[in-house]
Ligand code: FES
C-alpha cells in the first residue's frame, strides 16, 4: 500500500469573490522582515498569505522595499516553490525526477488527469485542485511518489492513486465532473423494450 513519507505545508488560495490582494498585508510582512536581506523568506510569507504571487503584490513589494521588480521576478522564476498564477485549494504534485520517471510517474499523472479532469499543470474550474509535475522530492526509494497538500505517498500504482484521490474527493464532500459538466441523472421508470 502507498505510504506517507513526509509532511509539507499546504497551499492556500484566495477565497472566491475576493477582487484583489489586500496590499496592506505586504507592508505588514515587510515591516516584519526586511526584503533586502530576506527576499526568499518574504516571498514565502507572501505566497502563504495570498496563495500565489500576483503582480500587484510584487509591484507593492518592489515599491516598499526598493528591490527592483526584475530582481524579485528573477528569484520567483528561479525557485519552483513560487507561483505567479492562482493555485487550487489543494495541490497535487507528482514527482517526475529520474527514479520516479523510471518507476512510472507518467502513469500516476495520467490517472490523476483522468480523475480530476484537468491537465498536468492546470487547475480545476472550481479552483479545488491544481495538478503539477515537480522535480525530485527526496524520497526516491519510495518511487513513484506524489504529494497531496501536506501528505506524501510513495510506492504508488495508478490504481492506488485513483483510490487516494477518490477518497480525498469524498472526504472533502466534493464532486468532480468533466469540463462539460455533471452527467445527466438517469431517468426513472423508463420504458423497457
Ligand atoms: S525522483 Fe522522485 S522522489 Fe526522487
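Just so it is clear, none of the values below were taken in a lab; they were calculated from the coordinates. This structure is a prediction, so every number in the text was calculated from the model and none was measured. With ideal geometry, Cβ positions are generated from the backbone for all residues, glycine too; neighbour counts draw on all protein chains shown.
Measuring between their Cα centroids, region 115-156 and region 20-98 lie 22 Å from each other.
Between residue 106 and residue 24, the modelled labels are 5.2 nm apart [label points 7 Å from Cα along Cα→Cβ].
For region 24-78, the C-alpha radius of gyration sits at 0.95 times the compact-globule guess of 2.2 N^0.38 Å, with N the residue count.
Packing here is the average count of other Cβ atoms within 10 Å per residue, and on that basis the peptides 24-36, 133-145, highest first, run 133-145, 24-36. The slack in the chain from residue 135 to residue 36, taken as 0.36 nm per residue of separation less the alpha-carbon distance, amounts to 32.8 nm. At an R0 of 25 angstrom, the distance between the Cβ atoms of residue 120 and residue 175 translates into a FRET efficiency of 0.70. For region 87-171, pairs of C-alpha atoms spaced more than 16 angstrom apart make up 44 percent of the total.
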